[in-house]
Every structure is written in structure tokens, then in C-alpha cells.
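To start, the structure itself, in C-alpha cells.
Values quoted throughout were computed directly from the atomic coordinates according to the rules given, and no laboratory measurement underlies them. Please read these numbers as outputs of a predicted model, since none were measured by experiment. Ideal geometry is used to build each Cβ from the backbone, glycine not excepted, and the neighbour counts take in all protein chains shown.
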Amino acid sequence: MARRSSQTPPPGDFEERILDVDVVDEMQGSFLEYAYSVIYSRALPDARDGLKPVHRRILYQANEMGLRPDRAHVKCARVVGEVMGRLHPHGDASIYDSVVRMAQPFSMRLPLIDGHGNFGSLGNDDPPAAMRYTESRLTAASMAMVESIHEDTVDFGPNYDGSEQEPLALPAAFPNLLVNGATGIAVGMATNMPPHNLSEVVAAARHLIKHPSADLDTLMRFVPGPDLPTGGRIVGLSGIRDAYESGRGTFKIRATATVESVTARRKGIVVTELPYNVGPEKVISKIKDLVNAKKLQGIADVKDLTDREHGLRLVIEVKNGFVPEALLEQLYKLTPMEETFGINNVALVDGQPLTLGLKELLEVYVDHRFTVVRRRSDFRRRKREERLHLVEGLLVALVDIDEVIAIIRSSDNAQQAKERLMERFSLSETQTGYILDTPLRRLTRFDRVELEQEKAKLTSEIAELTEILESDSKLRSVVSSELGAVSKQFGTERRTVLLEAGAAPSAALSVPLEVADDPCRVLLSSTGLLARTADGEPFELSEKRAKHDVIVSAVPATARADVGVVTSAGRVLRLPVIDLPALPPTPSPTLAGGAAVGEFLRLEAGERVLALTTLDESSPGLALGTVQGVVKRVVPEWPANKDEFEVIALKDGDELVGAVELRTGEEDLVFVTSDAQLLRFPAGQVRPQGRPAGGMAGIKLADGARVLSFTAVDPAADAVVVSVAAASGTLSGDEQTSWKVTPFEQYPRKGRATGGVRCQRFLRGEDGLAFAWVGAAPARAATAKGAPVDLPERDPRRDGSGTPVTTPIAVVAGPA
């Protein structure tokens, strides 16, 4: 027990009084008063209009200020000042925070404030501007909340100092508590309600009006679950039913994400919707923390591409070698891309905090609308009865207007005139006063017709209002039709997807995070596109020719291995297979889904990609041929710690013209020169050399001649020689050109470093070969842009002349 010690009273005419107070009683009483104040006056919404006092005061005061949707915006500071000075006895920060939230389309399913300026961003990543910068006004939906408030539809009470009157609830033309949800922390209790779809909630309310005994399952056919402003996916509906039945439950919200090709060489996870109240910055920060802590693998980069035109777009680039679907499941598990929402439907009913289910919430709102419509109808009927009383009195006076005027003129004063008129025509004091106040110009024959029409209209309206007041079915019909009109005006499509099956573990959880090291084939097209197949089988092209389908090089590999890229500068560049796009296993695959070489490798000016190699040190190695007729077999000893290395020491002015990986070492090496000489000799005649060596003589060139083609051919294979002769030795311009396809078996083997045999006889005007190729059949030709070209039939003559051709070819290749 606390006791204050007695002290000497100060001088004066008063005496100090000391009271003994029990600390337990004082603390209990003060705490209960504080708790009740927080619960009733601040933290919990009213179940009728779904508003806390601060929100209700903002809407009411904005309506009193005339901030309607057809008026101009005003500074938020003005609204906050009016609300704080007249109605809300708390700081301006809480008022402005409430204004901001009611203006955010990502917080409210149906915003009640039309904001102009920066009102923040999703997840509060970008906080709103100060209230001196932003502007606001009411939305059409908030006008429906305050509609008919001055028609005695709701009770009013004194404000904090008794100088003003404020509504204790708004008329609320739609179920705002369910539509926009609510959050609040009181003393010993809290509320957390998700938003719902207006059309669905109104449909349930109208069904309940017609069928008051409807059960929960029936109502849930109209309201299957929450509909969040930010969309997303709700996985698992059992918790939602618990909440609709008991007022408490949980559900999981997942981001809406798809796997797309974000670059030519990478796939990514594109997030277009996030869970409720989760912003992209929160997701990005969590992903970076997990990556830095090495708890999350496979993410190359995260980009926030959100803008006003396309909305939310969060791009998570996936490293090559990782399965995007499996990574997405990890993101759901470890980041805010999946959140749990706990429903706690606590609201005030008749001033008491109660936990309500879906049916109870709808019943409270429907009963409130019954009261509002009933009180509004009674108010309107009284007003119309009062007006009808005046109209009837005026009509009585118009019947004998001359006598009325005579009585007024012969009276000494207005009071005497009133008494004489009341006595003469049996009028009430109100009717008589109205007649005396009416200007003479209105007492004409035409005004009598208008008054009679007004009387008929008033009589009809009074009868209709009386029917509403006296008939419960009529009252229900009016409330239901008004709800239907609101739904038609403000209803929108559902944004949140409900997934019952999502409650179970996803099938992607069983998929390994990293791509398996399965066999595949790496392909290089004539247009410089790289890709890999989904398996190690040969790449079989469809019979129908397509652009990019000429494969100039193909090597077997595995998904997590490396291959080499041989260039015209005599370099081998290491290329990870996992970086290459995988071609879908379609019946007619093409390489159009590949990516350009420049996406993976950096080439020097004038350097060209010639072929691919497996970097397999157990193979016989590479066979190389240069423009100046040098040949080399390279010992397959590839440095494991280098991404690029040289495989031949080229002389000045020389460059590689062909490169091929030997399979058995028993192949024939073939040179074709610009003067139409073809040399074929066994690969065994070339001694393998180390990488720094410069090679040896391959073919003896005539003066001015150069090597056009070099390759290796299996002697047992069905191979052909394709050659194209031209006037200037090139395929540019409109010069005469001719081509020829000859069986490879027509050309005999010769010794290394000899001149070979002629492969095509020139026509008149042709000076040399412009193009040559040797390889396995069937051969496929294409232009420089990859367009397919059909080759002529085989010519059995080894040194015969070609047939004229009008379509210039740039590349020929055999089976992949």
C-alpha cells in the first residue's frame, strides 16, 4: 500500500488532503481504462463499417470538407490538420499514415483515398513523401461509405472535447471490413484480416439476405478465399475454412513466378506478383544474404525491373547448370516469396471485441445495412410528409387566392393575418407561415399544376417508403438491390489464385537443383549459333529445310564438361557446355534456338570459328590445315588451367582454313586449293607434334594459289566433293559461277606435299574455285544468312566442268 507522508501545509486558505490508495487497485483500474481506450478508440475496427476511429474520422471530415472525386485534390497536411483539430486527439503521424494506407492500391483491395504524389511503394521499400507534398481526395468507393450520412442513418457522438459531433459508424454501402481487411494490435488482442473480392463478398451477403439460415459451405461457394491486392497464389485452403468457421486460421501466400529465357544464354525466374505486404527490396536483400552465406546456390543476378507501365517484374537470373524449377522451390522455402498469413477476425460488435467467422461478419454488416436503410427511409418519409403538408396548405390557399389576399391586406399585422387564415381555411400554423412567406409570383395557375404534380409524387414516394418500413421482405429487397448496384460499379476480377493442391509438396522438390552430367552433343551452325542437344544421340534434322540448320561442327560431350573451339588464329578456346542453350527434344529440331558465338567467346578482329573439339586426350588429336598449305597433327595434351591456348605456330600472313578432330587416326586428310587441285593422303603420313610446333608441308601450291578447304574424311564413308568455280575466284557480284558435286571415291590417294589432282575443269570466263568442301553425304548447302540451298545431282567425272548456278552458297556441311 502506498502512503504519502504528511507535510506542513503551505500558507493559504486551503488544506492538503492525503488519500490512501491501494497500488493493486490503482494499477488495475488504470490499466483497464487504458486497455479499453486502445481497444475501442484506436486499434480495432468496427464490424459494421470495417473502420477504426482514425479512418472513420478521415473519411467523414474529408466529406465535410467537400473533397469529393469531382473536386480538386488538396494537400494532405490540410486534411490531417482538420481531422486532428476537430476529431482525432492524437498525433499527426498516425493520421497521415492512415491516409497513406487508404490510398495505396497494393494495401487496399478497394482504395478509399485518391492520392496524388508519392504514397510509398510495395513493402514500404520507398516510403511516402511528407504530407506537405502529397495531395488527396475521396474516391467513389469512399463516397459510397459516407452516402446518406446526414439522413439520420447512423448515431453521432461528441468528439474528444465535446465541441463537435462525429459518427460512431459510417453507413457503409459495401462490406468494407471483408473487402479491405484490417490490421491492429490492441491490449491483449489483435486483429489481422485479409482483403477479399468485392463481387464475391456482395454475392455472399445477398445470398444471406435471401437465405438467413445459409450455412458456411454455401457462403464459401461465393467467397472461396481472400483476394489480395497484390495477387499471388494461396496454397492450401484448409486454414481458410478454419478462419471462416472460427475466426482464426492461417494460409500461405506464394509469389507468382514463371521460368523464362532472360538472355540468349540464361534462363531466369520472373516474379510478377509478390505476397501481400512484401516488397521486391525485401526479397532481393534476403536472396543476397543467402547467396553470401552460401545457403542458396545457382543465382547469377537479381534485377528489379519494376515500372509503372509493366508493374512488378523481378528477374532472378539462374546460373547455367541449375534447374530453375528446383531453384524456385528453394526460393519459396528460404525467402519472403512465400509467406504465412495468420487470420484473426477480431472486431467490435456493439462496443465489444469478438472473434467472428465469415457468416457472423456478414450478418453484422447486413444487420447494419438494414438499420441504415430503415432509418434512412424513416428520415426521408418524414421529410416528404413535411413537404406534403406544406404543399397541401398552399393548394388550399390557391383555391380561393383572392380571399387569401383580401384577408392578408385587411389584417393589421402578420400575426393577425396568420390567425385569420388558420381560422378561415383550417390550416396549421406551419402551413400558414409558409403561405405568408411565399411570393405572390408563385401563386399562379401554372404553379398550381406543378404543386399538384409534386403532391402526387410525394404521395407515391411516401407510400413506397412506408412499404419499406412496414415490410421486411421489401427492406431486404432494397438492401440486396443496392448491394448489387455497388458490386456492378466497383467489382473487379479476382487477382489471387487459390490452389488446393498447392498445400502438398511440389513435384519440383524431387528434381535435383543442379543439371545432371548427362550425355549431349554440342553443335555449331553455319550462321555461328551454338547449342547443345538434350541427349547424346546424333542431331537428326528434319527433311524440311529451315534457316540455321546447316551444322558445320558437332562433337559429343556431357552437360557439365568443356569443349574446345578452334579459331582461324590457331587458338583453342575452352567453352563450358552447361552455358549453351539446350534444344528442346522436338520431332523437327532446328538450331534457331541457339545463341551466337559472341555471347560466349571473345574473338579478335578478323578471327573466325572453324570447328569444335572434345578436348579428349585419349583421341588421336587435331588435324589442322592452313591457307599456305601447312598441315599439322596436334598431340592431345590440353592445359587444364587455361581457358585459351595456341595449337600451332603460324607464319606471318598464314591462318587456319580447316580443323577437325580425328576419331581413329586412319582418316584421309584432304586439301582443296583455289586452282581446283585436290590432294588426298593418309593421316598417318603426318607425324603428331606438340602445340608450339609449326606443322609441316601438306600440299604443294602453284604460284598464286591458296588453300580453300581442309578436312579429314573416313575412307569407308560415302563422301562427296562440292566445288564452286567463279570468274574472279570469289562469290561476290554477279560474275559467272558454276558448281559440281563429285563422289569422293573418284579422287586417288597421293603423297603428302604433292600437288594433287584436278577436281573441276573451269568454263570459259572462270578463273578459279571460290568455294570447296569435302565431307560425308548427304551434304547440305546454305547462303551466308543461313537460308537453305539445294545442291545439284552428283557428277561422276572427277575433273569435269560444273553447271551454272545463280544462288551463291557460303557453306556446306554433312550430317551432325
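Among 655-667, 778-790, the peptide with the highest mean count of other Cβ atoms within 10 Å heads the list, and the full ranking is 655-667, 778-790. Ellipticity at 222 nm from helices only: DSSP H runs of n ≥ 4 in the chain, each -39500 (n - 2.57), divided by the residue count, give -9000 deg cm²/dmol.
Computed over the chain, the convex hull of the alpha-carbon atoms projects to a mean area of 63.9 nm². The P(r) of region 51-171 has a tail past 26 Å containing 15 percent of all C-alpha pairs. Taking +1 at the Cβ of each Lys and Arg and -1 at the Cβ of each Asp and Glu, which of A717, W739, G684 sits farthest along the dipole of region 660-784 towards its positive end, judged by Cα position relative to the Cα centre? The one lying farthest along the dipole's positive direction is G684. On a 23 Å Cα-Cα criterion, which of the cross-link pairs K632/K750; K52/K474; K52/K282; K294/K642 come out too long? Pairs exceeding the cut-off: K52/K474; K52/K282; K294/K642.
Among 122-129, 206-213, 175-182, 68-75, sorting by the average number of other beta carbon atoms lying within 10 angstrom of each residue, highest first, gives 175-182, 122-129, 206-213, 68-75.
For region 519-813, what does the alpha-carbon gyration tensor say about shape, rounded, prolate or oblate, given a ≥ b ≥ c as the root eigenvalues, a/c under 1.5 as rounded, and a/b over b/c as prolate? Cα axes put region 519-813 in the oblate bin. Any chance you could give the angle, 0 to 90 degrees and rounded to 10, that helix 401-410 forms with the longest Cα principal axis of the chain? Value to nearest ten degrees: 50.
Using the Karplus relation 6.51 cos²θ - 1.76 cosθ + 1.60 with θ = phi - 60°, the per-residue 3J(HN,Hα) values for region 322-334 come to 10, 7, x, 5, 5, 5, 4, 4, 5, 5, 4, 6, 9 Hz, with x marking Gly and Pro.
Here region 132-191 is described by how far its Cα atoms reach on the three principal axes: 35, 32, 30 Å, from widest to narrowest. Packing order of peptides 572-582, 740-750, highest average first: 572-582, 740-750 (average count of other Cβ atoms within 10 Å over each peptide's residues). Need one word for region 256-336: rounded, prolate or oblate. Basis is the Cα gyration tensor (sqrt eigenvalues a ≥ b ≥ c); a/c below 1.5 gives rounded, then a/b vs b/c decides. Oblate is the answer for region 256-336, as a/c is 1.5 or above yet b/c matches or exceeds a/b. Each other residue within a Cβ distance under 14 Å of Y96 adds +1 if Lys or Arg and -1 if Asp or Glu, for a net charge of +1. Taking a ≥ b ≥ c as the square roots of the Cα gyration tensor eigenvalues, region 156-224 comes out prolate, since a/c reaches at least 1.5 and a/b is larger than b/c. Net charge in the neighbourhood of G695 (other residues with Cβ under 13 Å of its Cβ; Lys, Arg +1, Asp, Glu -1) is +3. Summing +1 for each Lys or Arg and -1 for each Asp or Glu, what net charge is found among the other residues whose Cβ lies under 11 Å from the Cβ of V722? Surrounding charge for V722 is +2. Each principal axis of region 361-490 carries a Cα extent, and these read 66, 27, 23 Å when sorted largest first.
Using R₀ = 56 Å, calculate the FRET efficiency as 1/(1 + (r/R₀)^6) where r is the Cβ-Cβ separation of N124 and E470; round to 0.05.
Numbers: r = 52 Å, r/R0 = 0.93.
Efficiency at R0 = 56 Å is approximately 0.60.
For the chain, the longest principal axis of the C-alpha atoms and the axis of helix 198-210 are separated by about 40°. Taking 8 Å as the Cα distance limit and 6 or more residues as the minimum spacing, I'd like the relative contact order of region 361-490 as a percentage. Computed over region 361-490, the figure is 40 percent. Quick one: angle between helix 92-103 and the longest Cα principal axis of the chain, in degrees between 0 and 90, rounded to 10, please. So the helix axis and the longest Cα principal axis differ by about 60 degrees.
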